[in-house]
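The values are calculated or read from the model by the stated rules, or taken from the named source; none is laboratory data. Not measured: the values here are computed from a predicted model. Note: ideal-geometry Cβ built from the backbone for every residue, glycine included; neighbour counts use all protein chains shown.
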Amino acid sequence: MSDKSRFLLKARKNCGFERNFTRVNRALQSAQALTPAQEHTPKHPTTTQNTALNCEAPDTAKAAEPVEPKAGSEPKAGAEPKAGPKSAEKREKKHPWWQVMCLSGVDYFSTLGYQPGIAVIAAGVLAPIATIILVAVTLLGAVPVYRRVAALSPNGFGSIALAEKLTSGWTGKLMILVLLGFAATDFLITITLSSADAAAHVLRTDESPWQISVTLAMILALTAVFFRGFREAVSVAMVLVGVFLTLTSVVVVEGLYRLATEPGHFEAWTTRLGQEHASPMMMLALAIIVFPKLALGLSGFETGVSVMPLIRGDAVKNGRRLIITSASIMSLFLIISSVVVTMLIPAAEFGPGGTASGRALAWLAHHDLGPIFGAAYDLVTIGILWFAGASAMAGILALIPRYLPRFGMAPEWASKYRPMVAVLSLIAIVVTLVFHADVERQSGAYATGVLVVLASGAISVTLMSQHFARWAYGLTALILSLTLFANIIERPDGLKVASFFILAIIALSFASRTWRSFEMRKNPVTFDSRAEHIIRTNATGSRFIIVPTAPGRDLEAKERRIRQSHRLSADSFVFLEISLRDPSMFRVPLHVKGAASGPDGGSILRVTAASIPNAVAVISLEIQKLTCITPDIYFEWAPGSPLRDMVRFIFTGRGQNATVTREMLRRGVKDERRRPTIYVS
């Protein structure tokens, strides 16, 4: 039987489809008609598509999955993941930066619903001075840092992406999981705290027996909206933010008018300052000490960066405009609101059960502008607080898929929209019950999450800067880190809640990674022209033999041992030399390069991969697509404990390579007849 006949029979047997036989024959005739230069020097590297003999691919899972880029890298500006019609719709919807600012502003500006009252509870008569310190840290520290974050992360990945660029390996992955835990704390407490404060505005007190029930109703309504589908977010945000800031302006201007026209308010405040504090330096020192309790006013920066992909035009330039404009507006409102709230509302109204607790500006709206305006202000405040929860839900739904699936640390349902909404809503309900829907008690946990994300961003920007900028960013990082430390000491509840999320994320992530370590990762594979020539040259017989090997091994001795053990004679070998890269990475592209011939005419393919068994499995299937020959893979047993090697494989990408490769192929290729065969000696 001629070589051509044996090849066609092998193709017919291995491909398994009668219709492929004719196509293979035609392809072989076309290949024979090519000149040697045409045949051996393709213009472009072969990709994962079925080129060459146009074979049918084996029945591996076809779901598109994210590919992990080079460690710490980020997609180019403007690039969007392809995920069907919904993603296409998102790519088309770009908005002016000031409209997108409203979307991030529902989280940032909504804190005016409770921040002024929390400032008075925390700092008392010093609330205006402590708020000025907060504004100084915002404008002189956080704004410059996040303008830099916007430039370094134009696709909205934020401070966590910068931390990923600066780390690698399992230590880096662990650090990212910790930061995700704190970010999850930030977003989830935003949902529960905003819902609780919205309930306080509905009931006009936070001590009502209905407080928990109304808060849970808010969360369930949020869940229902996300189950149904959330659209036109920017338009809704524009209306809410515009109306809320307009009405808030009316409230604080009326308060300033009262302070200017009604004698006694300012004098009473200064008298209390003198009675409670001996000197201006003591006042300043105490204001700095209580400043960490006001850190809720620093929220919104990470959200501002995360919405940058929605901005029309230059994302970096307009994103910076968004950050500085929203921070300036918020700073102005924080200072004025703290002044009018501190000087015009009796201190007793901020206590437990007080009518100003959690709703200081709403108290002024009712007291100064009448019940109709007050009811309207309550309604708008409830709307923006509820929508802040929606913004936080959208933020966490976008955050988790950016990291965990790329790390191989997310179960399949984590990429599904509705199961994630259900899980997050259930956690929000538990948090609400644990804190009894109390705004003040949740503020510590919220501040902890906000400060960790801000501090990590400042530290990352510091490490990525040079000269004077490094010192300036370093000072901001130091201030934010000290603020975080003081907040944790004063209110450890935030660390406790964050620790729960961190431990849960780490445990679930590593359990998922352990299970998914044995799945075939379907990495994109490319071959250079020399590798393609080697594959074509060795596909002329009835078998295609692949021998995986580590770099620097004696290939001649290895070939001799395998031939003796399996009684192989004339068949040629293709050595697949695999160099390990960062084994903590999960799904990375594989670029196969051809090398000089090995012993006895054998050929060498070289590739760098995060996992040896996965590289062998994926590349063997790509060779099957290109040649229509199901490869035979020859391993040698490695010495050592099988249990120890299996654990080592999870963390180092190698160990029990033959066993793991077979398991990956078993899971990935359902049809046993089309599955590469593993031989071990």
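Residues in the stretch 222-275 that are more than 30 Å from residue 124 (Cα to Cα), aromatic (Phe, Trp, Tyr) and at pLDDT 85 or above: how many?
Number satisfying all stated conditions: 0.
Please enumerate the residues belonging to the stretch 612-644 that are under 17 Å from residue 663 (Cα atoms), assigned to a helix (DSSP H, G or I) and not hydrophobic (A, V, I, L, M, F, W, C).
Residues satisfying the conditions are 613, 614, 620, 642.
Here are some residues: 207, 254. Which one is surrounded by 13 or more Cβ atoms within 10 Å (Cβ to Cβ), part of a helix (DSSP H, G or I) and either among the acidic types (Asp, Glu) or in contact with a Pro (Cβ under 6 Å, 6 or more places away or on another chain) (or both)?
Among 207, 254, only 254 is surrounded by 13 or more Cβ atoms within 10 Å (Cβ to Cβ), part of a helix (DSSP H, G or I) and either among the acidic types (Asp, Glu) or in contact with a Pro (Cβ under 6 Å, 6 or more places away or on another chain) (or both).
Does residue 148 meet the test of being modelled with pLDDT under 85 and over 17 Å from the mean Cα position of the chain (by Cα)?
no
If you go through the stretch 428-472, how many residues are modelled with pLDDT of 90 or more, of a type in the set (Phe, Trp, Tyr) and within 20 Å of residue 182 (Cβ to Cβ)?
0
Can you list residue pairs whose Cβ atoms sit under 6 Å apart, with the first residue in the stretch 186-208 being within 17 Å of residue 377 (Cα to Cα) and the second being of a type in the set (Lys, Arg) and crowded, with 24+ Cβ neighbours inside 10 Å? Count only pairs 6 or more apart in sequence or on different chains.
Pairs found: 200/359; 201/359.
Is one or more of the residues making up the stretch 117-138 touching a residue at least 12 places away in the same chain (Cβ under 8 Å), hydrophobic (A, V, I, L, M, F, W, C), under 30 Å from residue 511 (Cβ atoms) and assigned by TED's automatic domain parsing to the domain that holds residue 487?
Among the residues of the stretch 117-138, not one is touching a residue at least 12 places away in the same chain (Cβ under 8 Å), hydrophobic (A, V, I, L, M, F, W, C), under 30 Å from residue 511 (Cβ atoms) and assigned by TED's automatic domain parsing to the domain that holds residue 487, which makes the answer no.
Which pairs have Cβ atoms under 8 Å, sit 6 or more apart or on different chains, and link a residue in the stretch 514-538 that is farther than 15 Å from residue 621 by Cβ to one that is among the acidic types (Asp, Glu)?
518/663; 536/39
Kindly indicate which of 391, 425 is at pLDDT below 80 and either in the same structural domain as residue 481 (by TED's automatic domain parsing) or surrounded by fewer than 20 Cβ atoms within 10 Å (Cβ to Cβ) (or both).
391
Taking residue 448 as the residue in question, decide whether it is over 20 Å from the mean Cα position of the chain (by Cα), more than 29 Å from residue 253 (Cβ to Cβ) and crowded, with 24+ Cβ neighbours inside 10 Å.
no
Among 215, 171, which is the only one that is assigned by TED's automatic domain parsing to the domain that holds residue 388 and in contact with a helix residue (DSSP H, G or I) (Cβ under 8 Å, 6 or more places away or on another chain)?
Criteria check complete, one pass: 215.
All but one of (1) among the hydroxyl-bearing types (Ser, Thr, Tyr); (2) within 30 Å of residue 404 (Cβ to Cβ); (3) in contact (Cβ under 8 Å) with a residue 40 or more places away in the chain hold for residue 579; which doesn't?
Failing condition for residue 579: (3).
State whether the residues of the stretch 428-448 include one that is in a helix (DSSP H, G or I) and free of Cβ contacts under 8 Å to residues at least 24 places away in the same chain.
Checked the stretch 428-448: at least one residue is in a helix (DSSP H, G or I) and free of Cβ contacts under 8 Å to residues at least 24 places away in the same chain.
Applying the selection to the stretch 276-294, what residues are within 13 Å of residue 125 (Cβ to Cβ) and not hydrophobic (A, V, I, L, M, F, W, C)?
276, 277, listed by residue number.
Quick one: count up the residues across the stretch 272-298 that are in a helix (DSSP H, G or I) and touching a residue at least 60 places away in the same chain (Cβ under 8 Å).
18
Count, please, the residues in the stretch 486-501 that happen to be surrounded by fewer than 20 Cβ atoms within 10 Å (Cβ to Cβ) and either assigned by TED's automatic domain parsing to the domain that holds residue 575 or farther than 30 Å from residue 287 by Cα (or both).
1
Could you check the stretch 457-475 and list, in sequence order, the residues that are assigned to a helix (DSSP H, G or I) and surrounded by fewer than 24 Cβ atoms within 10 Å (Cβ to Cβ)?
459, 462, 463, 467, 468, 469, 470, 471, 472, 473, 474, 475
The rows are residues; the columns are (1) buried (at least 22 other Cβ atoms within 10 Å of the Cβ); (2) assigned to a helix (DSSP H, G or I); (3) in contact (Cβ under 8 Å) with a residue 40 or more places away in the chain.
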| residue | (1), (2), (3) |
| --- | --- |
| 322 | yes, yes, yes |
| 330 | yes, yes, yes |
| 334 | yes, yes, yes |
| 342 | yes, yes, yes |
| 349 | no, yes, no |
| 365 | yes, yes, yes |
| 369 | no, yes, yes |
| 373 | no, yes, yes |
| 379 | no, yes, no |
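Over 38 Å from the mean Cα position of the chain (by Cα), within 30 Å of residue 109 (Cα to Cα), assigned by TED's automatic domain parsing to the domain that holds residue 331 and of a type outside the set (Lys, Arg): which single residue out of 243, 251, 239 fits that description?
Selected residue: 251, the only one of 243, 251, 239 that is over 38 Å from the mean Cα position of the chain (by Cα), within 30 Å of residue 109 (Cα to Cα), assigned by TED's automatic domain parsing to the domain that holds residue 331 and of a type outside the set (Lys, Arg).
Does residue 163 meet the test of being at pLDDT 85 or above and surrounded by fewer than 24 Cβ atoms within 10 Å (Cβ to Cβ)?
The answer is yes for residue 163.
Yes/no matrix, rows are residues, columns are (1) surrounded by fewer than 18 Cβ atoms within 10 Å (Cβ to Cβ); (2) at pLDDT 50 or above; (3) in a loop (DSSP other than H, G, I, E, B):
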| position | (1), (2), (3) |
| --- | --- |
| 75 | yes, no, yes |
| 80 | yes, no, yes |
| 90 | yes, no, no |
| 98 | yes, yes, no |
| 101 | no, yes, no |
| 110 | no, yes, no |
| 120 | no, yes, no |
| 140 | yes, yes, no |
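Can we say residue 586 is farther than 19 Å from residue 522 by Cβ and either touching a residue at least 60 places away in the same chain (Cβ under 8 Å) or crowded, with 21+ Cβ neighbours inside 10 Å (or both)?
For residue 586, the condition - farther than 19 Å from residue 522 by Cβ and either touching a residue at least 60 places away in the same chain (Cβ under 8 Å) or crowded, with 21+ Cβ neighbours inside 10 Å (or both) - is not met.
Mind telling me which of the residues 610, 638 ends up being of a type in the set (A, V, I, L, M), more than 17 Å from residue 524 (Cα to Cα), modelled with pLDDT under 90 and not assigned by TED's automatic domain parsing to the domain that holds residue 407?
638
For the structure I just gave you, tell me whether residue 607 is closer than 20 Å to residue 658 by Cα and in contact with a strand residue (DSSP E or B) (Cβ under 7 Å, 6 or more places away or on another chain).
Yes: the conditions hold for residue 607.
Is it the case that the stretch 514-527 has a residue that's among the basic types (Lys, Arg), at positive phi and not in a helix (DSSP H, G or I)?
Yes, the stretch 514-527 contains at least one residue that is among the basic types (Lys, Arg), at positive phi and not in a helix (DSSP H, G or I).
Applying the selection to the stretch 257-278, what residues are exposed (fewer than 13 other Cβ atoms within 10 Å of the Cβ) and among the aromatic types (Phe, Trp, Tyr)?
Passing the criteria: only 257.
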